[in-house]
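In what follows, a structure is listed as structure tokens, so that the remarks can point back to it.
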Amino acid sequence: MRLLGAHRTLPDIPDRAVILCFHGVTERRLDPDIECDVLTLPAFRQLLDVLDRSFNVVSLAEMVEALVQGHALPPRCITITFDDGYANNARLAAEELAARKMPWSVFLPAGLIESGGWQWVDDVRVLLQRGSRKQLQFHWEASDLLLDLRTPKLRLQAVRTVHEACRYVSEAVRRIRLGELYACYSEDEIASAREQYPAFAPMTWNQARELQSAGVDIGNHSYSHIALAPQPTDLIHQEVASARDLIQQRLGGYHPHFSYPYGRPEAISPQAEAIIREAGYRCAVTLEQNTIDFRHPNLLQLPRLIVSTDVGRVLFGLWQRFIR
Ligand SMILES: [Zn+2]
């Protein structure tokens, strides 16, 4: 891959840095009709090897400290984070990162770690793609929604439609909509669809504890992984504070970093930011696809770049970000 060597000619630009957001790593490539950001192990290794050779990986705490103090960071500075607390982070990613002595952070949706529950976005992916239903009909608000599930392409479209309809809405609306969807599948069918995709299973507190003992930074990714901005104030507070308290209770130690669920502008608000600050967080990371501007950083809305499965493209994007 020619792109892999392109960054070697980069000038050193000390006034910007990048936080990467990974989600998961898996041994077996997921079916192409399951759209997600889970990397295969070889792709993950390839990416880490390039980061190791040609970039400077620093911890999130180091990056935040430098931003607070106005200290210089090394050129081509990268921070590695993982969102969502999938078991594969502990089972596969941790070993690769440790072998390269790379610091990293993992953000846990604490309530899902506690219950062993799956994220609804992943349930929707596997149920609509692998479930028995060929069609689903919902009565959401004034209009009826008919989802045609007869081909993989139509199913993928349906997954996107449901994700869109349930992501940036109030928890009350999300519960009603997803309640209707879950009611279309038996418990056995849900369990069997999940079994086919262990890549989406959450880690356990024991795994989180092992990561923490190995020096991995554990952060708060809310309690139940819902977009904060559309929620009423008391629910935002509850999502932030109850996850903070549960992580503290289960792991001990100091966890000063927060990651907004879904991280896009629709999931973020001044009110959510204020609540995160009041809950004692030193920084919060988003999914605004951008570099960190050292001159005007907002520590409670630090942008990150999502790492997709197309590693060549990720590296090309990184290379571009460090060109003035
Ligand atoms: Zn997330």
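The values are calculated or read from the model by the stated rules, or taken from the named source; none is laboratory data. None of the values given here were measured: they were computed from a predicted structure. A quick note on method: Cβ atoms are made from the backbone with ideal geometry, for glycine too, and the neighbour counts reach across all protein chains shown.
Observations, loosely collected:
- For segment 262-279, residues that are touching a helix residue (DSSP H, G or I) at 6+ places or on another chain (Cβ under 9 Å) and over 10 Å from ASN220 (Cβ atoms) total 9.
- Which numbered condition LEU246 fails, given (1) more than 22 Å from PRO103 (Cβ to Cβ); (2) more than 15 Å from the ligand (Cβ to nearest atom); (3) without any contact (Cβ under 8 Å) to a residue 24 or more places away in the chain: (3)
- Residue, farthest from HIS257 (Cα to Cα), within segment 108-137, restricted to residues that are β-branched (Val, Ile, Thr) and within 13 Å of the ligand (Cβ to nearest atom): VAL121
- Every condition in (1) closer than 22 Å to GLN301 by Cα; (2) buried (at least 18 other Cβ atoms within 10 Å of the Cβ); (3) at pLDDT below 95 is met by MET63 except one, and the failing one is (3).
- Set ARG76, ARG29: member being among the charged types (D, E, K, R) and either closer than 29 Å to TRP118 by Cα or without any contact (Cβ under 8 Å) to a residue 40 or more places away in the chain (or both): ARG29
- Scan of segment 69-105 for residues that are under 21 Å from LEU287 (Cβ atoms), of a type outside the set (Asp, Glu) and either in contact with a Gly (Cβ under 8 Å, 6 or more places away or on another chain) or within 16 Å of the ligand (Cβ to nearest atom) (or both), ordered by number: ILE80, THR81, PHE82, GLY85, TYR86, ASN88, ASN89, ALA93, PRO103, TRP104, SER105
- The residue that is nearest to ARG277 (Cα to Cα), counting only those in segment 208-221 that are in a loop (DSSP other than H, G, I, E, B) and out of contact with any Leu (no Cβ under 7 Å at 6 or more places or on another chain), is VAL216.
- Annotation: of all residues in segment 119-176 being among the small types (Gly, Ala, Ser) and part of a helix (DSSP H, G or I), the one that is nearest to the chain's Cα centre (by Cα) is ALA165.
- For segment 254-309, filtering for residues that are part of a helix (DSSP H, G or I), hydrophobic (A, V, I, L, M, F, W, C) and either touching a His at 6+ places or on another chain (Cβ under 7 Å) or touching a residue at least 12 places away in the same chain (Cβ under 8 Å) (or both) leaves 4.
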